[in-house]
Amino acid sequence: MSFNENLKYYMECKGIQTKELADKTGLSTNTISSYLKTKGSLPDAEKAVKIAEVLGITVEKLVKGVTSSLKNITTSKELKPEILSIEESLIHFSNKDLHIIESLIESLNEKY
């Protein structure tokens, strides 16, 4: 996905409109709008950090997009914000903990 698609996606997931993102980042509405255009401009690193912080994601996710198995979900309406929050939390767990979580999810999938 391109930067503008990633930005749109995460804004939708967080329920943030252009004006609100502009207000929270200290950037102008026109600047945010230019990033959202199909062939829009790209932010410098400082602005990308501000945007990512407001959206609650890493700059890498903002630039590269969803990097997990969640990337196969095609619309943001299918991906609840709670799932994004859980995904973000998982990067802090050890491999042992991730294995336990994976086992729990597999067990729950069998149940449902």
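Tabulated results
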read-out: Reachable aspartates and glutamates from residue 19, criterion Cα separation under 18 angstrom, eight or more residues apart if same chain; value: 5, 53
read-out: Fluctuation leader among 82, 46, 102 - the chain, Gaussian network, Cα springs under 10 angstrom; value: 102
read-out: Cβ-Cβ FRET estimate between residue 101 and residue 58, R0 fixed at 22 Å, reported to 0.05; value: 0.65
read-out: Relative contact order (%) - the chain, alpha-carbon pairs under 8 angstrom, separation at least six; value: 29
read-out: Global size of the chain as Cα Rg and Dmax, reported in angstrom; value: 15.8, 49
read-out: GNM flexibility winner over the chain from 100, 32, 57 (Cα, springs under 10 Å); value: 100
read-out: Solvent exposure of the chain as accessible area per residue, Å², 1.4 Å probe; value: 68
read-out: Solvent-accessible area, 1.4 Å probe, carbon plus sulfur percent, for the chain; value: 54
read-out: Estimated vicinal HN-Hα couplings, Hz - the stretch 94-100 in sequence order (Karplus 6.51, -1.76, 1.60; Gly, Pro = x); value: 6, 4, 4, 5, 4, 5, 5
read-out: Restraint check, 37/64; 8/61; 14/39, Cα-Cα greater than 19 Å; value: 14/39
read-out: Within a Gaussian network of the chain (alpha carbon springs, distance under 10 Å), most fluctuating of 42, 62, 90; value: 90
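The values are calculated or read from the model by the stated rules, or taken from the named source; none is laboratory data. Model, not experiment: these values are computed from the prediction. Neighbour counts are summed over all protein chains in view; Cβ atoms, including those assigned to glycine, are modelled from backbone coordinates with ideal geometry. The protein model used for the area step is the full one, side chains on, heavy atoms only, and it has no ligands, DNA or RNA in it. Shrake-Rupley method; radii C 1.70, N 1.55, O 1.52, S 1.80 Å.
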